[in-house]
Every structure is written in C-alpha cells, then in structure tokens.
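Here's the structure we're looking at; comments come further down.
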Amino acid sequence: MTAQLPSPAPPLNAALRAERLATIGDQVFDIVVVGGGVTGTAIARDSAMRGLKTLLVEKGDLAVGTSSSSSKLAHGGLRYLEQGQLSLVYESVTERHRLRQLAPHLVRPIPFIFPVYERKPRPLWMVNLGLWIYDGMAMFRSYKLHTRHNARSTAQLEPALRTEGLDGCVKYYDCMTDDARLTLENALSAHLSGATVLTYAEVRAFQMRRARVNGVELVDSLTGTSHTVTARSVINATGPWTDRTLGLRGNRSRVLRPTKGVHVVLSRERLPVNHAVVLPNGVDRRVVFAVPWGNRVMLGTTDTDFQGDFDDVHTTAEDVDYLLELTNAFMPDCKLRPEDVLGAYAGLRPLVSEEGDPSKVSREHSIHEDEDGLITVAGGKLTTHRLMAAETLSLVARHFKKEGVRIGGCHTGTAPLPGGTGIAFRGSQLVTTGVRLPVGFETDAEEHLGHDVVEHLQESYGKSWVELASRAGESAELGKRIIPDLPYLWAEVDHAVEHELTMTLRDFMRRRTQIEIRDFDQAVEVAPRVCERMALLLGWSTSEARQQLASFQEQAQEHMAWREEAGTATIREG
C-alpha cells in the first residue's frame, strides 16, 4: 500500500472553532488543557506532538492575560543570579538559546547597557564578574559576549544617560520577543499537530468520576451554550487564575502570590535610547528596563502585590509616576511627564506563594498532581514555557504508564514553531531556506512597503511574511498602513481573521498586533475602520459590530484611565 500523507490542517479561524465546538461533547480526549497563555499553549503543543488527542480551552483570547503583558524579554534574569537562583538562571539561558533556534523571528538578540553610578548597586568590577558568570552559564552561546566600558565610552553609547557619578557600564546581550505572538505560534503548532484549540470557552466546573477529575464543563462565552467534555487527564495552566480554577472543586488553598507589573510606552524621540538600558532602583532593589521598540520605547516594569479582581488589572497614576521618576533620575534631560506616555499595559505574574518582598519572590515553577488527578502548573516565566510543558507531559506520561499506556517522547526542543521553519537571522538579516520568494521581491517589498514594514512582517510572521507582503501587494488598500507611523498593514486584519483565530476587535488591536499599547489615541481613532473590516470578514451584523466597537473602546479607556489622575501627579526630576 502507498502511504498517504496526512491532510493539511484547516485554517484556525472562527468557522473552524464553531465546527469543533459543536462536536467536542461526542469525543473523549486524552488531555484537556485549561488556559491559553504561553504555558497552556506550549503544553497543548507538546501533547499533540506526542500523538495525544488534545483539547485546549481558554475563557478569553489566546494570551489574554499575563502572556501579552510581560516585559517581552526572553532572558536569563541577571537579578535572579544576584539572588542566588542559579538553577532558574541556567534553565532560562538554556531555553533562551533554544527559543532562538525554534523561533528566530520572534526571539531576537538585543544589546543591553547596565550603567553603574558611584559603585551602586555594585562596583563595576563586580557587575562585570557577574556577567562573566551569566555568559558562562549560557555556555558562552550568547549572541555576543559582554563587554566592559568606562564612563566616557558609556556616554558615547548612551548620550541620554546622566554623566554625574557615572563609573561606566557593562554591555551584554539578551533577547526580545513578542509574547502574544509567541503564544499564538505555540497554539498554531498545537493545531497543526492535531489539537483542538477553543478560545472564549470558559470552564465552569470539573467532571468527576469515582473521585477523579475526568473532564470539564464549559460555556461558549460568545453564544452562551454549554458543553461537557470527557478527558483522561485535565491540566490547570491558568496562570494568575490558578487558585480560582482550583476553587471550582471547592479547594480554597492558596498556591499563588500574584504581583502586578506595569509598562508604559513612549516615543523614542522623547526617550532616545540606543540600547535596552537597565535602570536599577537603589531604594527598593527593583530593576526597570527601557527597551527600544521600533520608533517607540517600552519602559517597565513595576512589581507590587495585587489583591484585586484578576480580570480588572489596570495601570495607575502612581505606577506611571514610579517609572517616569526613576527614568528621569537616570536621564534627567528627558524630563518625562505623564503626557509623554502613548500607551500603557498591566498584567499579573503568577508567582508561587511565599513571604517577603514581591520583587524577590522566586520565578521558579511548580507542577503537582492532586489526589483527584488534576494536574496544576504554577509559577514560572515566559522564557521557560517550553521546559515547563515538557515537565508537565513527563508527569502525564508516568500517570498514563500506570494505566498501561505509553506515549511518545518530547519533540518540542527541536521542532521549530510554524513561523520559524526554514528561516534564520544572521545579525539583523533574515535568511530563508525553502521559502520561495518571487523574483525581485526582496527589494520590491522594501521599496513599496517600507523598510520598517518589511522588518515588522519578517519578525512577526517568520516564513509567512511573504504571504502577507504578497497580499499587501495585490491590493492598494491592503498594502496601506493602519496607522501612519506604525508598521502594521491592513492585510494583517484579513490574515488574523482567516488564520489566527481572531474573534473580537480587541484580539486584533491588542494581541495579533499591539496597536492599542503602542499608541492608544491613534488606536481609538482607527478602531471603527478596523471594526468595519472585521465585520465584513466575520459576518457581524450591524448591532454586533457596534457592540464590538463599544466593548473595545470601553476596555481601552479603562486601561488609560490613569491619565485622569495624572493631572495632580508630581514628577520629581533628576
């Protein structure tokens, strides 16, 4: 017999979601993963790649919580090294290197500057020594090894830095990523490997059989319909909502200690940094990063305990004050004020519960199986998501083995994410293998779309960037920018709806792209036009479109409501 190749997976979109949702109650899954953040999607990917019948359910959009609200760094964590968390640093730098191989478009090296003033927080020689340890733990596989610079050289590298009391700096390399799209690509990979991926499907209860969890009861948040799903194993990967998910069984134990992290976005003209700059606060020992982000700069993060509603996490004027005040202390000539902030976002870190300063709480993860069989993954960081997934599946494999079922090994460490297939970056240049480019397309794309647009498409979509660029080239309208000074194209709206399970206006504005946080005012202004395009593609009625727009505007306004308080806030300069 001639072996038949598996049929290609259908596009992951609203139509497929509806089709899959209608039949899930008729199936028995090996694994149900609750939570569509980076950890949950990575678990679903690993599970599906091992041949398990897998269902991933998320009550909102993919990456709707922590996984779209991080510092967008894949890094080892220098401050964890200072805190003596050597195993965490080793895991992180190892996974950072692996992610560069699996998703070179999404995980890219960028240079960092760590300035030292008056031997604080440590003498320059000690910071330099710490970086040698950092490079060594990475097996010297960093993009480039760190270098030490005196005060004069530091001022040339970063002219905006205060020179008074400057001892020098250490320049080293870590990686930046697009956290939401990294999560999305894990979900796409899970889908391509056979998993069922359902967003806007909220788990309301667990199914029990003989005192064991054997499924979930969920509600389609978009239609209100209920569904019961049977599974051999259920995994709780709900990040900050872990305790709430455990509470569905009546369990009131506290596993997590969530802390809030806030970032603000400014114009690079107002905060002219050439590198990612480390801003250590000598008072509370926190570390803030000023990270170049195209023609913007991302500034964050705060780190404070959070006790409120996990679905209602917002930036406050106090948060903005803290970030701008610290930045002004290092770069006094910038004289940053609240009105310079173009966008802001806040999220929760799902830290494993322990006492002490929130900025010193361990970022280690924990995986445990309760007596009723529910597996819970808690804590961890963005950089180590793949490793956390592999460890979770190892636990599942041991559980299945007791039942006489053996599952395959882990392949996620060598299999690229969908956009990372056949591409690599050499410096800042994208190199493709097995990706057919039209003759002359490489130069024509930049000529017609702009260098920043091509760079954005390559770094966001990897091997699929040609498809996006070709679509933009076929239509004058689709080839236009959504906002004049940002690189996002109208063609991305169509692609997001047709291939990336984009169900709401905010899914696109906040996570498939980051228009909302890069420039809030322009995002609100263009939202009606984006909504109109999505309504056409998704078949929304007039009333549905109006509701989508109103919901987006309300949520966006809530996240920038701090500006109303900022009028009375005092920014202390220098």
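Where helices (runs of 4 or more DSSP H) sit wholly within the range 481-568, those with at least 1 residues that are over 19 Å from residue 64 (Cα atoms) and not β-branched (Val, Ile, Thr) occupy 491-499, 520-538, 542-559, 562-566.
Among residues belonging to the range 178-194 that are among the hydroxyl-bearing types (Ser, Thr, Tyr) and surrounded by 24 or more Cβ atoms within 10 Å (Cβ to Cβ), point out the one that is farthest from residue 97 (Cα to Cα).
Residues of the range 178-194 that are among the hydroxyl-bearing types (Ser, Thr, Tyr), as a first pass: 183, 189, 193.
With surrounded by 24 or more Cβ atoms within 10 Å (Cβ to Cβ) added as a condition, the list becomes 183, 189.
Details: 183: 18, 189: 20 Å.
That would be 189.
Summed over the range 136-172, the residues that are at pLDDT 95 or above, surrounded by 18 or more Cβ atoms within 10 Å (Cβ to Cβ) and among the hydroxyl-bearing types (Ser, Thr, Tyr) give a count of 2.
Of the candidates 253, 226, the single residue that is loosely packed, with under 15 Cβ neighbours inside 10 Å, free of Cβ contacts under 8 Å to residues at least 40 places away in the same chain and under 16 Å from residue 59 (Cβ atoms) is 226.
Given the criterion within 18 Å of the chain's Cα centre (by Cα) and under 29 Å from residue 205 (Cβ atoms), identify the matching residue among 64, 93.
Result: 64 is the single residue among 64, 93 that is within 18 Å of the chain's Cα centre (by Cα) and under 29 Å from residue 205 (Cβ atoms).
Take the conditions among the charged types (D, E, K, R), at pLDDT below 95 and closer than 29 Å to residue 43 by Cβ and apply them to residue 286. Does it pass? Even if it seems obvious, please write down each step before you answer.
Details: among the charged types (D, E, K, R): yes; at pLDDT below 95: yes; closer than 29 Å to residue 43 by Cβ: no.
No, not satisfied.
Scanning the range 9-49 for residues that are touching a Ser or Thr at 6+ places or on another chain (Cβ under 6 Å), surrounded by fewer than 22 Cβ atoms within 10 Å (Cβ to Cβ) and in a helix (DSSP H, G or I) turns up 20, 25.
Residue 62 meets all of the listed conditions (1) farther than 22 Å from residue 236 by Cα; (2) at pLDDT 95 or above; (3) assigned to a loop (DSSP other than H, G, I, E, B); (4) not basic (Lys, Arg) but one, namely (1). Would you check which residues across the range 104-139 are assigned to a strand (DSSP E or B) and over 18 Å from residue 287 (Cβ atoms) and list them? Passing the criteria: 108, 109. Looking only at residues in the range 292-313 that are outside any loop (DSSP other than H, G, I, E, B) and surrounded by 22 or more Cβ atoms within 10 Å (Cβ to Cβ), the one that is modelled with the lowest pLDDT is 300. Here the range 373-388 is the region considered, the condition is being under 21 Å from residue 257 (Cα atoms) and in a helix (DSSP H, G or I), and the residue that is farthest from the chain's Cα centre (by Cα) is 388. The single condition among (1) more than 15 Å from residue 182 (Cα to Cα); (2) touching a Gly at 6+ places or on another chain (Cβ under 8 Å); (3) not in a loop (DSSP other than H, G, I, E, B); (4) not β-branched (Val, Ile, Thr) that residue 67 does not meet is (1).
The values are calculated or read from the model by the stated rules, or taken from the named source; none is laboratory data. Values in this document were obtained by computation on a predicted structure and should not be read as measured data. Here Cβ is always computed from backbone atoms with ideal geometry, including for glycine, and neighbour counts include all displayed protein chains.
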